[in-house]
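The structure appears below as structure tokens.
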Amino acid sequence: MRQRKKNIIKRSIILMVGAGILFSASYFIGMTNKKSIASNKPYKAAEVKHTQKPKKESIPKLPKTPGKDELRDLINVNDGQKVAYLTFDDGPSPNNTPVILDILKKENIKATFFIIGKNAERNPELLVREKDEGHTIGMHSYTHEPAIIYKNPEAYLQDLSQCSEAINKAVGEDGYDKWLIRFPEGSFAVKNKPGFREAIASAGYHYVDWNALDGDAEHFRMETPEYLMNRFVSTVGNQHHVVILMHDAATKKSTADTLPQFIKYLKDNGFIFKTIPKYQS
């Protein structure tokens, strides 16, 4: 009798242990499935991000208090002409600037180049060529590092002074317009920074933004000739006087490749070409 009771107790214990193991296993499997499902959600969200459109480069609005901003005077003209000002920022570069200069020479077009001082030091012979072939040379920045130069107005003025020295070494004081500048990222980069435009004006500088562009600084993967041409045509639109932003930096091969198409489009639509005029302090 005692042996029978012992056997019953053993069987009960075995059944209880087995039930516990089964419950634990089913709970673990359920939690694993939940984690697996949850882990799929971020992956799907990440895939959706690739379908988002690239951020479009901005066309600055004319400020209510323009100071020494010359864009207004260049584009608000009723002279019956259609005028295009081709402008190139961030050069010179040894691979793209010569190609652009060759195209401009072939087409007998003069353009305006806003120079990075460090690039002028690396490629002074290209500035000499720009000057000798009749293009206008203005200043962009020495470093082109907004986080540094936009700390305060004095920082940008010091940066421009360095840029001026670098260009002056290459082409001399008469080889460039030392009063013509373009803010890195445009003047809207300092729109909410008090004192910048006023300091630039007080120092005697004239800055020029743009009212059309080719989109070559919007999204690296999208900088195909087709994309640039579409942006170019859409931003030129029905305007009769356009200051067009492009770049001749080392990474902008697509701009150099597409430039003949830009020029053909403008010529076919009745545009003539001018450089931004030389300013006095």
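The values are calculated or read from the model by the stated rules, or taken from the named source; none is laboratory data. Nothing here was measured: the structure is a model prediction, and the numbers come from that model. Neighbour counts run over all protein chains shown; Cβ positions are idealised from the backbone, glycine included.
Some observations on this one:
- Among all residues of the stretch 168-175, there is none that is over 30 Å from Glu107 (Cβ atoms), at pLDDT 95 or above and touching a helix residue (DSSP H, G or I) at 6+ places or on another chain (Cβ under 6 Å).
- Residue check for Ile149: over 29 Å from Asp132 (Cβ atoms) and modelled with pLDDT of 95 or more: yes
- Arg197 surrounded by 19 or more Cβ atoms within 10 Å (Cβ to Cβ), within 18 Å of the chain's Cα centre (by Cα), part of a helix (DSSP H, G or I) and not aliphatic (A, V, I, L, M): no
- Failed item, numbered, when Arg72 is tested on (1) closer than 18 Å to His240 by Cα; (2) touching a residue at least 60 places away in the same chain (Cβ under 8 Å): (2)
- The helices (runs of 4 or more DSSP H) falling completely within the stretch 68-157 include none with 3 or more residues that are more than 16 Å from His206 (Cα to Cα) and touching a His at 6+ places or on another chain (Cβ under 7 Å).
- A single member of Asp248, Asp177, Asp257 is assigned by TED's automatic domain parsing to the domain that holds Ile109, surrounded by fewer than 22 Cβ atoms within 10 Å (Cβ to Cβ), touching a strand residue (DSSP E or B) at 6+ places or on another chain (Cβ under 6 Å) and at negative phi, and it is Asp177.
- Any hit, the stretch 201-209, residues being among the small types (Gly, Ala, Ser), in the same structural domain as Asn269 (by TED's automatic domain parsing), surrounded by fewer than 13 Cβ atoms within 10 Å (Cβ to Cβ) and modelled with pLDDT of 95 or more: no
- There is at least one residue in the stretch 258-274 that is touching a Lys or Arg at 6+ places or on another chain (Cβ under 8 Å), among the β-branched types (Val, Ile, Thr) and at pLDDT 95 or above.
- Listed by first and then second residue, the pairs linking a residue in the stretch 157-179 that is of a type in the set (Lys, Arg) to a residue that is modelled with pLDDT of 95 or more, with Cβ atoms under 6 Å apart and 6 or more places separating them unless they lie on different chains, are Lys178/Ser164.
- In the stretch 212-245, the residues that are modelled with pLDDT of 95 or more and either of a type in the set (S, T, N, Q) or loosely packed, with under 15 Cβ neighbours inside 10 Å (or both): Asn230, Ser234, Thr235, Gly237, Asn238, Gln239
- For the residues Tyr279, Tyr265, the requirement of being in contact (Cβ under 8 Å) with a residue 40 or more places away in the chain, under 26 Å from Arg72 (Cβ atoms), surrounded by fewer than 21 Cβ atoms within 10 Å (Cβ to Cβ) and not basic (Lys, Arg) singles out Tyr279.
- Residue match in the stretch 161-181 (condition: under 14 Å from Ile116 (Cα atoms), in contact with a Leu (Cβ under 9 Å, 6 or more places away or on another chain) and aromatic (Phe, Trp, Tyr)): yes
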